[in-house]
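Trainee: First the structure, which I've put down as structure tokens, then a few questions once you've had a look.
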Amino acid sequence: MITLDLDGVIYDFVGELLEQLRNKHGISKNRSSIYDYNIAKSLNIDSSIIQSIVNDNATYTKRDKIYAHAIPFVNFIRRSHRVIILTSRPECVKETTLSFLSDNKIYYDDIYFGNKSSVIEKLRPDIVVEDDPNIAILASRFAKIVFLVVAKYNKDIFGENIFHIRSLGNIVNYIKTGYYDV
């Protein structure tokens with residue numbers, strides 16, 4: 001079984017957030033400004049602005065925000081693994097999220113909204129793909145392998161079974177070459 005984080009792994013939430021900050025709030029920031037997983041802290045803006053974007057269904061509907069390797073990766077990994085999507089997205093965007101995944105042919109076996117830590121602890125997946133440094137550290141206690149999608153805010157996270165990747169395409173290459181036995 002593999003768990004995939006949705007935002008930061010499959011969907012470019014940060015790119016969409018920065019776009020909405022610029023277009024709806026007149027706040028122009030760039031990706032390199034984000035040094036902490038707490039985006040409001042990194043950008044030095046009120047957390048209520050971030051929360052309004054998080055709770056806005058329109059945030060989660062843009063096909064061009066799906067990372068390039070996401071759909072081929074999910075199709076590839078589903079041949080050999082049960083795919084579970086984990087997301088911290090709030091319940092108020094659940095229907096939009098499910099429709100978006102279906103409309104874009106991102107197929108999975110199950111999806112969990114909310115507390116990713118408790119789901120990982122309960123499921124104990126073989127593989128976890130994540131960008132949140134705290135979730136990656138926790139997951140390393142329960143999963144065989146944790147793939148951490150590298151970002152400025154997590155580049156210093158290391159562990160015996162935590163491997164840094166730039167994209168989901170890296171995992172496919174590792175599997176095909178036999179580098180990782182997953």
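Trainee: Amide H of Gly114: which non-local residues (sequence gap of 5 or more, or other chain) have their own amide H closer than 5 Å, using H built in the peptide plane?
Mentor: Thr87, Ser88, Arg89
Trainee: Follow-up. Under the 0.36 nm per residue contour assumption, what length would be gained going from the current alpha-carbon distance of Asn134 and Lys155 to full extension? Working shown, then result.
Mentor: Values: separation 21, 0.36 × 21 = 7.56 nm, distance 1.22 nm.
That works out to 6.3 nm of additional length.
Trainee: Under a Cβ-Cβ cut-off of 12 Å, what is the net charge of the residues other than Leu18 that fall near it, where Lys and Arg count +1 and Asp and Glu count -1? Mind dumping the intermediate values first?
Mentor: Details: positive: Arg22, Lys24, Lys29, Arg31, Lys65; negative: Asp12, Glu16, Glu19.
It works out to a net charge of +2.
Trainee: Right, another one. By what distance, in whole Å, do the Cα atoms of the stretch 13-60 stretch along each of the three principal axes, largest value first?
Mentor: Projected onto its principal axes, the Cα set of the stretch 13-60 covers 26, 17, 16 Å.
Trainee: Quick one: if the Förster radius is 22 Å, what FRET efficiency do Lys94 and Ala58 give, using the C-beta to C-beta distance and rounding to 0.05?
Mentor: On the way: r = 15 Å, r/R0 = 0.67.
Calculated transfer efficiency: 0.90.
Trainee: Using label points projected 7 Å from each Cα along Cα→Cβ, tell me how many nm separate Asp110 and Glu19, to one decimal.
Mentor: My value for the distance between the label points is 3.2 nm.
Trainee: So, in nm, how far is label Arg124 from label Ala40 when the simple model puts each one 7 Å beyond its Cα toward the Cβ?
Mentor: Placing both labels 7 Å along Cα→Cβ, they lie 3.7 nm apart.
Trainee: Per residue of the stretch 30-45, what does 6.51 cos²θ - 1.76 cosθ + 1.60 with θ = phi - 60° give for ³J(HN,Hα)? Whole Hz please, x for Gly and Pro, Karplus curve as stated.
Mentor: These are the phi-based 3J(HN,Hα) values: 10, 4, 5, 6, 8, 10, 9, 4, 7, 5, 4, 5, 4, 8, 6, 10 Hz.
Trainee: Quick one: which residues, 5 or more positions from Ile10 or on another chain, have an amide H under 5 Å from its amide H? H modelled 1.01 Å from N in the peptide plane, none for Pro or chain starts.
Mentor: Those qualifying (amide H under 5 Å, at least 5 residues apart or on another chain) number zero.
Trainee: If you average over every viewing direction, what projected area does the convex hull of the Cα atoms of the chain give, in nm²?
Mentor: Details: hull surface 38.9 nm².
Average of the hull's projected areas for the chain equals 9.7 nm².
Trainee: For every helix of n ≥ 4 consecutive DSSP H residues, a contribution of -39,500 (n - 2.57) applies; sum these over the chain, divide by its total residues, and give [θ] at 222 nm rounded to the nearest 500 deg cm²/dmol. Display every interim value, and only then the final one.
Mentor: Numbers: 8 runs with 69 residues, N = 182.
When only DSSP H runs of four or more count, the value is -10500 deg cm²/dmol.
Trainee: Residue farthest toward the positive end of the dipole of the chain, with Cβ of Lys/Arg at +1 and Asp/Glu at -1: which of Ala136, Ile66, Ile175?
Mentor: Ile175
Trainee: At 0.36 nm per residue, minus the direct Cα-Cα distance, what do Phe163 and Arg79 gain on full extension? Give it in nm, one decimal, please. Intermediate values should be presented prior to the final figure.
Mentor: Working: separation 84, 0.36 × 84 = 30.24 nm, distance 2.22 nm.
Roughly 28.0 nm would be gained on extension.
Trainee: Placing +1 at every Lys and Arg Cβ and -1 at every Asp and Glu Cβ, with all other atoms neutral, what dipole size does the chain have around its Cα centre, in debye to the nearest 20? Walk me through the numbers before you get to the answer.
Mentor: On the way: 23 positive and 22 negative charges, 63 e Å.
Computed about the Cα centre, the dipole is about 300 debye.
Every read-out reported here was derived from the displayed coordinates using simple, explicitly stated rules and does not represent laboratory data. These numbers were taken from a predicted model, which means no experiment stands behind them. So basically every Cβ, Gly included, is an ideal-geometry build from the backbone, and we count neighbours across all protein chains shown.
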